[in-house]
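The values are calculated or read from the model by the stated rules, or taken from the named source; none is laboratory data. Note that the coordinates shown come from a computational prediction; the quantities given were computed from them, not determined experimentally. Quick reminder, even Gly has a Cβ in these numbers, built from the backbone with ideal geometry, and neighbours come from all protein chains shown.
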Amino acid sequence: MKKVVFCFFLVFCFKGVVFSQVSNDAGLWATFNLEKKINKKFTFFLTEEYRRRENFTRLNLFYTDIGLAYKPFDILKVSLAYRLIEKYEQDNSFSYRHRIMLDITLKKKFSQLVVSFRERLQVENRNIYTSDKGRYPEWYSRNKLKLAYDFNKPITPYIAAEMRYQIVNPRSVEGNYQWSRGRYFIGLDYKRNDRHAFGLYYMIQEEFDISAPQNLYIVGIEYSLSL
């Protein structure tokens, strides 16, 4: 039954990619995560990420997350974070963006199968002082389903899918109140010990219902440190 669930989910994740007639690009995402437990329920976290685009040849962006996670029960986690994004533009300037994210995550283990679902509400302003629409925020809802298989060993394989729903975007009003993007992951997590963990994944991102959709093919690497 577990094999059937995994196969079905994998087919669902990648079904839209094969037949897409859109532009394509490849890139690298490199992530560093830092966590510090305050007590049994609260955790402070900091994340830095570096991204490349145009077939790995050009800088895409940097971002920094800083936030607090609250875990009232084993199956529930709520986190609030601020993200500063520095996006490198075609004219070699940087676009500065400010994002607030509220995440609600449910996680449950069924024998060796670990199922998690995350709902994210995010609001973002970009180029506040350099754009006429900079003071108008974008609102998105992003939900992510992840299936991981725990072998009771250091390595845990997983697959995941994330869908983004555009609530309001003043720079792309034609896409308001509809789904705008999907992300599909396959990866491995390696937990060396209680402090150090590593991740490797491959992600496909597809855009839809926009004027110039693009597919991204991303190789991702992660390192997490718990203090």
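Restricting attention to region 41-48, does a residue exist that is closer than 23 Å to residue 215 by Cα and either surrounded by 15 or more Cβ atoms within 10 Å (Cβ to Cβ) or touching a His at 6+ places or on another chain (Cβ under 6 Å) (or both)? Taking every residue of region 41-48 in turn, none turns out to be closer than 23 Å to residue 215 by Cα and either surrounded by 15 or more Cβ atoms within 10 Å (Cβ to Cβ) or touching a His at 6+ places or on another chain (Cβ under 6 Å) (or both).
If only residues of region 150-208 that are surrounded by 14 or more Cβ atoms within 10 Å (Cβ to Cβ) and of a type in the set (Val, Ile, Thr) are counted, the one that is nearest to residue 109 (Cα to Cα) is 156.
Examine region 177-189 for a residue that is charged (D, E, K, R) and farther than 20 Å from residue 28 by Cβ, and state whether such a residue exists. Walk me through it before giving the result.
Within region 177-189, the first condition is being charged (D, E, K, R), and the residues that meet it are 181, 183, 189.
This time we only want the ones that are farther than 20 Å from residue 28 by Cβ, so: none.
Checking region 177-189: not a single residue is charged (D, E, K, R) and farther than 20 Å from residue 28 by Cβ.
For region 150-163, the count of residues that are of a type in the set (S, T, N, Q) and either out of contact with any strand residue (DSSP E or B) (no Cβ under 9 Å at 6 or more places or on another chain) or within 17 Å of residue 29 (Cβ to Cβ) (or both) is at least one. In region 113-135, the residue that is surrounded by the fewest Cβ atoms within 10 Å (Cβ to Cβ) out of those that are over 18 Å from residue 47 (Cβ atoms) and of a type in the set (D, E, K, R) is 132.
Checking the structure you have, find out if any residue of region 156-170 is among the basic types (Lys, Arg) and at pLDDT below 95.
Of the residues in region 156-170, the ones among the basic types (Lys, Arg) are 164.
Pick out the ones that are also at pLDDT below 95 and you get none.
Taking every residue of region 156-170 in turn, none turns out to be among the basic types (Lys, Arg) and at pLDDT below 95.
Pairs meeting the criteria (first residue in region 154-177 and at positive phi, second residue hydroxyl-bearing (Ser, Thr, Tyr) and at pLDDT 95 or above, beta carbons under 9 Å, at least 6 apart or on different chains) are 177/165.
For first residues located in region 181-199 and modelled with pLDDT under 95, partners that are part of a strand (DSSP E or B) and among the hydrophobic types (A, V, I, L, M, F, W, C) and lie 6+ apart or on another chain with Cβ distances below 6 Å form the pairs 191/197. Applying a threshold of 6 Å to beta carbon distances and a minimum spacing of six or more residues, or different chains, the list of pairs starting in region 8-35 at a residue that is of a type in the set (Gly, Ala, Ser) and ending at one that is at pLDDT 95 or above and assigned to a loop (DSSP other than H, G, I, E, B) reads 26/55.
Would you say residue 110 is at pLDDT below 95, surrounded by fewer than 15 Cβ atoms within 10 Å (Cβ to Cβ), under 23 Å from residue 194 (Cβ atoms) and out of contact with any Lys or Arg (no Cβ under 8 Å at 6 or more places or on another chain)?
Values: at pLDDT below 95: yes; surrounded by fewer than 15 Cβ atoms within 10 Å (Cβ to Cβ): yes; under 23 Å from residue 194 (Cβ atoms): no; out of contact with any Lys or Arg (no Cβ under 8 Å at 6 or more places or on another chain): yes.
In short, no.
Quick one: would you say residue 88 is free of Cβ contacts under 8 Å to residues at least 40 places away in the same chain, within 21 Å of the chain's Cα centre (by Cα) and surrounded by fewer than 17 Cβ atoms within 10 Å (Cβ to Cβ)? No.
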